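Data block below; observations after.
The values are calculated or read from the model by the stated rules, or taken from the named source; none is laboratory data. Values in this document were obtained by computation on a predicted structure and should not be read as measured data. Cβ: placed from backbone, ideal geometry, glycine included. Neighbour counts: every protein chain shown.
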Amino acid sequence: YYLVENIGYAILVISLAWMFLSNVLIDMEKESDQLVINKKLEMIWEYLLAEDDRDYMRKRIKENPDNYFLSNDKYKQQVEKTIQWTELQNFGKELKDQAKLSDSIRYILMALSTILIGVGRFGDVSRNINEIKNE
């Protein structure tokens, strides 16, 4: 029973060390989220600044439909921005998955160590009770 209890304590120490790793991953995940937010804000500002250009091009197209081809480059730029926006949705996804996996491993280690320590303590107490009964 001492061996089981000591293994439980060893796993507890490992899970505490794992907690520090998990905290580092959580910090990296938060930084990644902040980068995504900042990039999206930049793209929103660019979109709002480009709105004047789009209004100007719409007026020119209404005046002369041949101007549509002039606006094609602006359209391509807008499509590229849309693609960048959707790519930002997946940015940091791997980091979030790693953080979730790390948390799951830590929870399993904590539960296992608690069970092993409990079994070791219970075995020690039951052995002491048996010794007292035999005396």
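Annotations for the structure displayed:
- Criterion (modelled with pLDDT under 85 and under 17 Å from Leu109 (Cβ atoms)) met by exactly one of Leu25, Leu48, Leu41: Leu25
- Any chance Lys59 is at pLDDT 80 or above, of a type in the set (Lys, Arg), assigned to a helix (DSSP H, G or I) and loosely packed, with under 14 Cβ neighbours inside 10 Å: no
- Among the residues making up segment 2-13, those that are loosely packed, with under 14 Cβ neighbours inside 10 Å and either of a type in the set (A, V, I, L, M, F, W, C) or under 16 Å from the mean Cα position of the chain (by Cα) (or both) are Leu3, Ala10, Val13.
- Segment 83-92, subset exposed (fewer than 14 other Cβ atoms within 10 Å of the Cβ) and more than 30 Å from Met19 (Cα to Cα), residue farthest from the chain's Cα centre (by Cα): Ile83
- Test: Phe91 is farther than 30 Å from Asn6 by Cα and at pLDDT below 65: no
- Restricting segment 93-133 to residues that are among the small types (Gly, Ala, Ser) and farther than 21 Å from Phe20 by Cβ, the residue that is surrounded by the most Cβ atoms within 10 Å (Cβ to Cβ) is Gly120.
- Residue in segment 26-40 that is surrounded by the fewest Cβ atoms within 10 Å (Cβ to Cβ), counting only those that are under 9 Å from the mean Cα position of the chain (by Cα) and not acidic (Asp, Glu): Lys30
- Conditions (1) closer than 25 Å to Leu95 by Cα; (2) at pLDDT 85 or above: number failed by Ile83: (2)
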